[in-house]
1. Hey, can you tell me all the residues within the range B:163-202 that are within 30 Å of B:Leu378 (Cα to Cα) and not hydrophobic (A, V, I, L, M, F, W, C)?
2. Taking the stated definitions as given, is B:Ser437 surrounded by fewer than 21 Cβ atoms within 10 Å (Cβ to Cβ), hydroxyl-bearing (Ser, Thr, Tyr), within 10 Å of chain A (Cβ to nearest Cβ) and not in a strand (DSSP E or B)?
3. Can you confirm whether A:Ala235 is crowded, with 21+ Cβ neighbours inside 10 Å and closer than 26 Å to A:Thr33 by Cβ?
4. Can you name the number of the only condition in (1) within 23 Å of B:Asn257 (Cβ to Cβ); (2) among the hydroxyl-bearing types (Ser, Thr, Tyr); (3) in the same structural domain as B:Ile285 (by TED's automatic domain parsing) that B:Thr417 fails?
5. Could you count how many residues in the range B:477-496 are more than 23 Å from B:Val516 (Cα to Cα) and in contact with a strand residue (DSSP E or B) (Cβ under 7 Å, 6 or more places away or on another chain)?
6. With the range B:316-377 as the region, which strands (runs of 3 or more DSSP E) entirely inside it contain at least 1 residues that are in contact with a Leu (Cβ under 9 Å, 6 or more places away or on another chain) and closer than 30 Å to B:Asp427 by Cβ?
7. For the range A:252-267, give me the residue count where each residue is crowded, with 18+ Cβ neighbours inside 10 Å and within 13 Å of chain B (Cβ to nearest Cβ).
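The values are calculated or read from the model by the stated rules, or taken from the named source; none is laboratory data. Keep in mind that this is a model prediction, so the values were computed, not measured. Neighbour counts are summed over all protein chains in view; Cβ atoms, including those assigned to glycine, are modelled from backbone coordinates with ideal geometry.
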Amino acid sequence: MKLEFEMDTYKSEIKPTWCPGCGDFAVLRALQTAIHALQLEPWNVVIVSGIGCSSNLPHFLSTYGFHAIHGRALPVAEGVKLANPELQVIVTGGDGDGYGIGVGHFIHAMRRNIDITYLVMNNQIYGLTTGQASPTSEKGMKTKSTPIAGVIENPVDPISLALASGATYVARGFSGDVKGMSELVKNGITHHGFSLIDCMSPCVTYNKVNTYDFFRERVYDLAKEGHDPSDMKAAFAKAIEWPFVQRDRIPLGLFYRTEDVPTYEDLEPALKKGPPVHQPLGVTDADALLDEFL
Amino acid sequence: MSRRDIVARIGGAAGDGVSSTAESLAKIFARSGLNTWTYSSYQSVIRGGHVWTQVRGGLDPVLSQGVDPDIVMCLNQQTMDVHQGDVVEGGAIVYDLDGTKPDPKKLRKNVRLIGIPLRKKAQTLSANALMRNTVALGAVVRLFDLDFRHVESAFRDIWGDKKPEIVEQNIQAAKLGAAGVDEAGGSLKYGLAYTNQAKYLMTGNEALCLGALAAGVKFLAQYPMTPASSILHWMAVHGPAHGVVVKQVEDELAAMNMTVGAGFAGVRAMTATSGGGFSLMVEAIGQAGMTETPLVAVLVQRSGPSTGLPTKTEQGDLNLALGAGQGDWPRAILAPRNPEECFSLTAQAFNLAEIYQTPIIVISDLYLGEGYRTVDKLDFNVPIVRGMMAADGGISKEFRRYLITESGVSPRAIPGTKGFQHVAATDEHMESSELISDVLAGLPEHVEERRKMHEKRMRKLVGLRKDTPRPELWGPRNADLTLILWGSTWGPAHEAILHVDESDGVKVNSLEFPTVLATSPGSSLA
């Protein structure tokens, strides 16, 4: 059967500007593969990003995009989604953007369970600003901004945070496994609610610790070990395995998923009338409105 | 000489019901056909402190809440201490005989002391003394010879059909207050001929919401902040029925960024805040300027700097609005002077935002935003102009979102439109929206491209200058003094100008700016 949209349909003319070997290429590929598999109409997809190496991603695809300021991709995306819930809204960005400067919006977007798919290219370092510590840098890691004692703060654990904040689809992918990541992204997009896919995406230039080999030696597939993603307690137990409990094994795959929670759009009274973008402008009952003031 | 206007001042502690009593009185004035104007002095406390509201009504248009009151209603001793000396000659003070004492040495001539056992009278109707301010309100209504049916209708508005017994009790309480006045010598006998033709009464913030609805707003994101919060409250009640998504968000960063997203997605989107919140929105409003995203940002000012005086008015944020954001981007700042302009300029702001694809700021303040004024009937038939949109059916490869044009405006496409996919970018970009900031910035021809793109955006100011309300001169052309003003100072300024002309023969006029634009070198006001 011939598909309406070829893989190349989703590519833009702009070539990625990432360093050769950057993990973000795999995330781009996984996303492109997922929207191709779902045959999404490019004009009904909006990819919103913030600032950072990974946030350049929307330019490399042929969908609509909004390349926002640092840390604010989620609220921009929420505005898009609430204005037109018919659009498929995907947010892409890095760990600094989403778990650092934008972490407040991250928590609130999840507790709303708004139907957005969030891909975080997590490289545990600030790349675009040339190698400072990130909120997910491991304790002890020496960076340009932590040259003496290394990082002395605990890292943010996005998986536990997502579970605690009300996200209804929580997964971790790895750029060394495009196929697996692409499945996670595809299911995240079709999921009715907020989906987080934390993508371990090595920075080959500034992070010499959390490399492809670092992950290859440690990752394992949650599904293969019999994890039940409908069990929130089990999901928490798996979430804290790395980096808090130990550093030898890193779970990949789907931690948690539930379809039982209504989305923000399901509950928002104004959306009962349909997408705001299609509603007529102005009011027809001006006198009724004014009577209140008489 | 018969009086043309009346002024009442109601004071007490927060929690005494000062503001609800004042609102009822304002409503009674407006329903009596008076041009009405209120000012509330309150603080950031939920209980205690000293709060007071002044309500003025006039047979002729009024331009301020007035100066000295004809009547002061004291709900506690502090109100007596602070305000008794302000009551005009021949005026009156209404107070609770039990526990409140006037100081005759501080009073002007012929001020009548209407001491009524407010609490005891209220308790004859209900065990708690909640209705003591209603007893006092009844006294004020009687002193001014206002028609008692407006008292009844005001109470019905507040408690509605759901609690008829409370409405009835309050009416009885007000009558007890009126009887107290009759026992103490009757009304002030000012002899105003009330028309009893009801006038519309609203705050600037409410008028602004109505203007937004008339213009077709479909999205409001806001974080609570005095004195902008009543916009969120009013829209939360009325917005959804008109298809408006009203969202209280986690902070003002989210408020502005969500508004940007909604504007990009093609709806008329708005956010509102005061100076502190606007400060947090600064980076994101610049993003809207750069991505050429339409939106309306409402800035209802209060005293700064920093948290400042949250409940006091000030016009201190013009620089903030003019200078918001790093670098330069085109904007217009619309400064309504009264509720009618809160309505009309807000409606116009949505057109300007979409025609010029840039944020438009509506700047107001606590005095205008929260004060009640009577207004003429608002005309909801406002023009709706959505600006240049790219036609359906083109090919994305040919569509350049940031096409350089003479007007600076490029055809816009909203997500969902087939064939016009593009990325709105907050980094500097080419016509195609490809970034200049990354690899291209090293190449000289792209530096030139950046200059052209910046000039394109700033050319929008030419059109904005043409399409926004011009400065206005009010008063005699030749004057001894010219006041330069914008926003809510309009009313008191006009009143002062009329007053000095009448009392001292001094000719003063005013130059007023309903629009404040960033100027560019060589531009002039003319």
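1. Hits for the range B:163-202 are B:Tyr194, B:Thr195, B:Asn196, B:Gln197, B:Lys199, B:Tyr200.
2. Yes.
3. For A:Ala235, the condition - crowded, with 21+ Cβ neighbours inside 10 Å and closer than 26 Å to A:Thr33 by Cβ - is met.
4. All conditions are met except number (3).
5. Matching residues across the range B:477-496 total 2.
6. B:332-334, B:359-365
7. 2
Matching residues to (1) modelled with pLDDT of 95 or more; (2) over 23 Å from B:Trp490 (Cα atoms); (3) not basic (Lys, Arg):
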{"position": "B:Met1", "(1), (2), (3)": "no, yes, yes"}
{"position": "B:Gly11", "(1), (2), (3)": "yes, yes, yes"}
{"position": "B:Ser32", "(1), (2), (3)": "yes, yes, yes"}
{"position": "B:His50", "(1), (2), (3)": "no, yes, yes"}
{"position": "B:Leu59", "(1), (2), (3)": "yes, no, yes"}
{"position": "B:Pro69", "(1), (2), (3)": "yes, no, yes"}
{"position": "B:Met73", "(1), (2), (3)": "yes, yes, yes"}
{"position": "B:Val94", "(1), (2), (3)": "yes, yes, yes"}
{"position": "B:Lys101", "(1), (2), (3)": "yes, yes, no"}
